[in-house]
Amino acid sequence: MTPPQPPQAAATSAWADVPSTGAPRCDATTAWAGLQGHFQAHGRDFDLREAFARDSQRFAHFSLQSPEVFADLSKNRWDIATRRLLLDLARECQLPAQRDAMLAGAPINTSEGRAVLHTALRAPPGQGAHSDQVHAVLAAMLAYAEAVRASTITDVVNIGIGGSDLGPQMVVPALDAYASRRLRCHFVSNVDGHDITPVLRGLRPETTLFIIASKTFTTQETMANAAVARQWFVDQGGSDIGGHFVGATTNLAAAAQFGIRTTFGFWDWVGGRYSLWSAIGLPIAIAIGAEHFRALLAGAHAMDQHFASAPPESNLPMQLGLLDIWYRNFHGFGSRSVAPYHQGLRRLPAYLQQLEMESNGKCVDAQGQVLPFATSPVVWGEPGTNGQHAYFQMLHQGSDVVPVEFIAVRQPAHPHADLHRKALANCLAQSQALMLGKRAEEALAESAPTASASIDRLSLARQRSFPGNRPSTTLLLDSLSPRSLGALIALYEHRVYTSGALWGINSFDQWGVELGKALCGDLLPRLSSGDTTGLDGSTAGLIQRLLAASP
Ligand code: F6P
């Protein structure tokens with residue numbers, strides 16, 4: 001198959017210098033001190049059950065409708081006064097001005113001297129920054145995706161890692177209801193050969209398309225897997241590398257050097273973990289087609305507009321980001337669990353791990369000052385009912401409080417109404433159980449005389465009690481469509497931005513991944529030579545064991 005040649009994206013010129021907003025960091029504000037006092041007086045002992053008893057309108061007071069996403073924030077440990085103080089914090093930190101600077105293309109990624117303009121990728125023609133370039137590449141990419149869908153290609157293999165993998169890998173199964181039934185999408189990311197080997201097994205070169213997705217086109221894992229795929233292609237008798245390997249990258253020259261003829265470019269102002277809207281979204285476009293890909297972009301754009309224009313008190317990404325700060329910095333909660341009650345969203349927790357932890361996992365602010373407070377929580381999770389039968393025990397009765405984010409979808413994309421009702425009932429029951437708990441006296445009243453002589457009834461009742469008062473948020477979508485998924489992802493992006501901006505950190509670099517990469521470069525040849533000179537004792541010992549002959 002010979003696909004049409006897309007126009008190449010031009011390199012970005014440096015965006016005009018926009019002066020910094022000079023916004024104070026959260027801990028330099030009077031609202032921060034106010035929140036500390038408020039936490040001591042009301043936050044520490046806040047009880048959700050009492051809060052609902054006091055305010056019959058609590059659900060209405062703490063729920064928000066944003067484009068495509070309804071959020072019930074009422075089962076969180078906050079009240080009107082907490083929210084007012086958090087809004088004061090946002091105001092003092094000039095959150096609206098900081099947001100506007102990002103949306104206007106200011107170089108807010110200061111450590112790399114880059115603008116942060118993933119929102120431009122989903123703006124309608126003529127509306128966002130760099131609109132001509134963005135829409136030229138988008139049109140070419142979507143035309144190419146349609147050509148692939150109409151061709152004899154049956155298998156698409158995306159080779160990429162991190163932001164060049166997790167977005168498409170999350171979105172493709174989420175939108176399975178919209179996907180071509182003729183095409184299979186595979187994702188290879190891990191440099192461990194156990195990833196690519198089973199994917200290649202059973203593929204035929206003439207019906208396979210490889211997408212080499214890498215912003216830099218230098219990432220070790222991706223380049224190594226791409227080389228394996230190219231060798232496999234040749235070994236299997238494939239001859240038209242240029243027709244069966246396509247690139248998604250900002251490094252057009254390196255892609256050409258690899259032997260790729262067709263490359264869809266993007267720009268340095270698109271961060272890897274914010275790139276599924278760009279050429280990195282090619283596997284999505286091939287799976288769901290051009291029209292649905294445009295709907296995904298439109299949903300994200302609708303959320304962008306909400307973030308850009310809704311007042312902070314009804315701005316959902318801002319509210320979630322503020323709540324994250326309340327939990328992390330005042331309650332001291334170290335993690336958040338994500339529980340999607342939709343199997344299609346099974347990769348959402350992994351996607352959010354990169355989005356949130358690579359963005360906000362920083363202990364130094366954008367001015368180089370060591371932060372005296374905590375930043376990104378650990379984000380983790382599994383599809384809801386699977387998690388219930390694994391780690392929800394700990395969420396209900398463990399010694400740590402872990403706020404949970406439930407995601408439910410009103411209309412299923414399958415015909416099994418009974419299964420859907422069960423999934424929804426489980427979702428509601430879990431957030432209810434976390435909040436309500438069960439006192440030991442209630443458990444005692446319910447318990448039958450114990451069969452075992454070694455444990456008395458009161459002790460058993462205590463083990464069967466639930467502390468309750470455990471917070472959760474529930475996000476509701478009407479259906480899991482390209483548009484609603486686009487809005488949901490953009491909601492998460494802006495929420496992460498909100499907490500990062502208040503913490504004063506640069507949410508758009510990732511220097512923390514570099515040291516390991518450099519040390520790997522030093523260790524790789526040692527695994528051939530066995531040279532352990534100058535290494536620490538542990539690493540030297542491990543290399544010696546790895547290279548020792550099998551017993
Ligand atoms: O893990 C570090 C990182 O740079 C991510 O930020 C990025 O998404 C990933 O590697 C892949 O990078 P690339 O797209 O350049 O291959």
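The values are calculated or read from the model by the stated rules, or taken from the named source; none is laboratory data. The model shown is predicted, which means the values in this text are computed figures rather than measured ones. Backbone-built Cβ (ideal geometry, glycine too); neighbour counts: all protein chains shown. Protein only, heavy atoms only, side chains kept; ligands, DNA and RNA dropped before computing areas. Shrake-Rupley method; radii C 1.70, N 1.55, O 1.52, S 1.80 Å.
Of these, Ala429, Ala433, which one is assigned to a helix (DSSP H, G or I) and out of contact with any strand residue (DSSP E or B) (no Cβ under 9 Å at 6 or more places or on another chain)? It would help to see each step written out before you state the result.
Working: Ala433 fails: out of contact with any strand residue (DSSP E or B) (no Cβ under 9 Å at 6 or more places or on another chain).
Exactly one residue qualifies, and that residue is Ala429.
Taking Ala413 as meeting all but one of (1) open to solvent by less than 50 Å² (accessible area, probe 1.4 Å); (2) assigned to a loop (DSSP other than H, G, I, E, B); (3) small (Gly, Ala, Ser), write down the number of the exception.
Going through the list (1) open to solvent by less than 50 Å² (accessible area, probe 1.4 Å); (2) assigned to a loop (DSSP other than H, G, I, E, B); (3) small (Gly, Ala, Ser), Ala413 breaks only (1).
Could you list, in sequence order, the residues of the range 357-370 that are in a loop (DSSP other than H, G, I, E, B) and either within 16 Å of the ligand (Cβ to nearest atom) or within 24 Å of the chain's Cα centre (by Cα) (or both)? Before the answer, list the steps.
Narrowing the range 357-370 to residues in a loop (DSSP other than H, G, I, E, B): 361-363, 365-369.
Gly361, Lys362, Cys363, Asp365, Ala366 - these are the residues of the range 357-370 that are in a loop (DSSP other than H, G, I, E, B) and either within 16 Å of the ligand (Cβ to nearest atom) or within 24 Å of the chain's Cα centre (by Cα) (or both).
Scanning the range 203-215 for residues that are assigned to a strand (DSSP E or B) and more than 16 Å from the ligand (Cβ to nearest atom), which turns out nearest to Leu488 (Cα to Cα)?
Step one: of the range 203-215, the residues assigned to a strand (DSSP E or B) are 208-213.
With more than 16 Å from the ligand (Cβ to nearest atom) added as a condition, the list becomes 208-209.
Numbers: Thr208: 32, Leu209: 29 Å.
It comes out as Leu209.
Could you grab the pairs with beta carbons closer than 8 Å, sequence gap of 6+ or different chains, first residue in the range 512-534 and without any contact (Cβ under 8 Å) to a residue 40 or more places away in the chain, second one open to solvent by 70 Å² or more (accessible area, probe 1.4 Å) and among the polar types (S, T, N, Q)?
Gly530/Gln544; Thr532/Gln544
One line per residue, one yes/no per condition, for (1) open to solvent by 40 Å² or more (accessible area, probe 1.4 Å); (2) within 16 Å of the ligand (Cβ to nearest atom); (3) without any contact (Cβ under 8 Å) to a residue 12 or more places away in the chain:
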| residue | (1), (2), (3) |
| --- | --- |
| Arg83 | yes, no, no |
| Leu87 | no, no, no |
| Ala90 | no, no, no |
| Arg99 | no, no, no |
| Ala136 | yes, no, no |
| Ala139 | yes, no, yes |
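Got at least one residue in the range 103-125 being of a type in the set (D, E, K, R) and crowded, with 20+ Cβ neighbours inside 10 Å? Break it down stepwise before answering.
Just the residues of the range 103-125 that are of a type in the set (D, E, K, R), to begin with: 112, 114, 122.
Restricting the remaining residues to those that are crowded, with 20+ Cβ neighbours inside 10 Å gives 114, 122.
Yes, the range 103-125 contains at least one residue that is of a type in the set (D, E, K, R) and crowded, with 20+ Cβ neighbours inside 10 Å.
Report, by residue number, each residue of the range 374-394 that is crowded, with 21+ Cβ neighbours inside 10 Å and farther than 19 Å from Leu424 by Cα.
Hits for the range 374-394 are Thr375, Ser376, Pro377, Val379.
Inside the range 147-168, can you point out the residues that are surrounded by fewer than 23 Cβ atoms within 10 Å (Cβ to Cβ) and either of a type in the set (Phe, Trp, Tyr) or out of contact with any helix residue (DSSP H, G or I) (no Cβ under 7 Å at 6 or more places or on another chain) (or both)?
Result: Ala147, Ala150, Ser151.
Within the range 186-202, is even one residue surrounded by 22 or more Cβ atoms within 10 Å (Cβ to Cβ), within 12 Å of the ligand (Cβ to nearest atom) and within 30 Å of His130 (Cβ to Cβ)?
The answer is no; no qualifying residue exists.
Can you spot a residue in the range 365-373 that is under 24 Å from Asp72 (Cβ atoms) and either open to solvent by 60 Å² or more (accessible area, probe 1.4 Å) or among the acidic types (Asp, Glu) (or both)?
From the range 365-373, those under 24 Å from Asp72 (Cβ atoms) are none; that's our starting set.
No, the range 365-373 contains no residue that is under 24 Å from Asp72 (Cβ atoms) and either open to solvent by 60 Å² or more (accessible area, probe 1.4 Å) or among the acidic types (Asp, Glu) (or both).
Is it fair to say Thr119 is hydroxyl-bearing (Ser, Thr, Tyr), over 21 Å from His494 (Cα atoms) and touching a helix residue (DSSP H, G or I) at 6+ places or on another chain (Cβ under 8 Å)? Steps first, answer last, please.
Numbers: hydroxyl-bearing (Ser, Thr, Tyr): yes; over 21 Å from His494 (Cα atoms): no; touching a helix residue (DSSP H, G or I) at 6+ places or on another chain (Cβ under 8 Å): yes.
Spelling it out, it is not the case that Thr119 is hydroxyl-bearing (Ser, Thr, Tyr), over 21 Å from His494 (Cα atoms) and touching a helix residue (DSSP H, G or I) at 6+ places or on another chain (Cβ under 8 Å).
Filter the range 231-281 down to the residues that are touching a His at 6+ places or on another chain (Cβ under 7 Å), farther than 30 Å from Tyr497 by Cα and assigned to a loop (DSSP other than H, G, I, E, B) and list them by number.
Selection gives Gly238 alone.
Only one of these is at pLDDT 95 or above, among the charged types (D, E, K, R) and touching a strand residue (DSSP E or B) at 6+ places or on another chain (Cβ under 7 Å): Arg347, Arg410. Name it.
Working: Arg347 fails: touching a strand residue (DSSP E or B) at 6+ places or on another chain (Cβ under 7 Å).
After applying the criteria, what remains is Arg410.
When the residues of the range 328-344 are filtered to those that are farther than 12 Å from Phe39 by Cα and hydrophobic (A, V, I, L, M, F, W, C), which remaining residue is surrounded by the fewest Cβ atoms within 10 Å (Cβ to Cβ)? Before you say what the answer is, go through the steps one by one.
First pass over the range 328-344, keeping only residues farther than 12 Å from Phe39 by Cα: 328, 333-344.
So of that shortlist, the ones also hydrophobic (A, V, I, L, M, F, W, C) come out as 333, 338-339.
Details: Phe333: 20, Val338: 26, Ala339: 28.
Top of the filtered list is Phe333.
For Arg261, which of the numbered conditions (1) in contact (Cβ under 8 Å) with a residue 60 or more places away in the chain; (2) closer than 28 Å to Gly193 by Cα; (3) of a type outside the set (Gly, Ala, Ser); (4) within 16 Å of the ligand (Cβ to nearest atom) fails to hold?
It is condition (4) that Arg261 fails.
Taking the criterion of being more than 16 Å from the ligand (Cβ to nearest atom), open to solvent by less than 40 Å² (accessible area, probe 1.4 Å) and over 23 Å from Gly281 (Cα atoms), would at least one residue in the range 235-249 satisfy it?
yes
For the range 89-107, enumerate the residues that are over 23 Å from the mean Cα position of the chain (by Cα) and among the acidic types (Asp, Glu).
Glu92
Say whether the condition of being within 22 Å of the chain's Cα centre (by Cα), part of a helix (DSSP H, G or I), under 20 Å from Gly162 (Cβ atoms) and among the small types (Gly, Ala, Ser) is met by at least one residue in the range 372-382. Write out each step before concluding.
Filtering the range 372-382 down to residues within 22 Å of the chain's Cα centre (by Cα) leaves 374-382.
Filter again for part of a helix (DSSP H, G or I), leaving none.
Looking through the range 372-382, none of the residues is within 22 Å of the chain's Cα centre (by Cα), part of a helix (DSSP H, G or I), under 20 Å from Gly162 (Cβ atoms) and among the small types (Gly, Ala, Ser).
Can you name every residue in the range 47-76 that is in a loop (DSSP other than H, G, I, E, B), surrounded by fewer than 19 Cβ atoms within 10 Å (Cβ to Cβ) and without any contact (Cβ under 8 Å) to a residue 60 or more places away in the chain?
Listed by number, the residues that qualify are Asp55, Ser56, Gln57.
Which ones in the range 469-513 are within 16 Å of the ligand (Cβ to nearest atom), aliphatic (A, V, I, L, M), open to solvent by less than 10 Å² (accessible area, probe 1.4 Å) and in contact with a Ser or Thr (Cβ under 8 Å, 6 or more places away or on another chain)?
Val496
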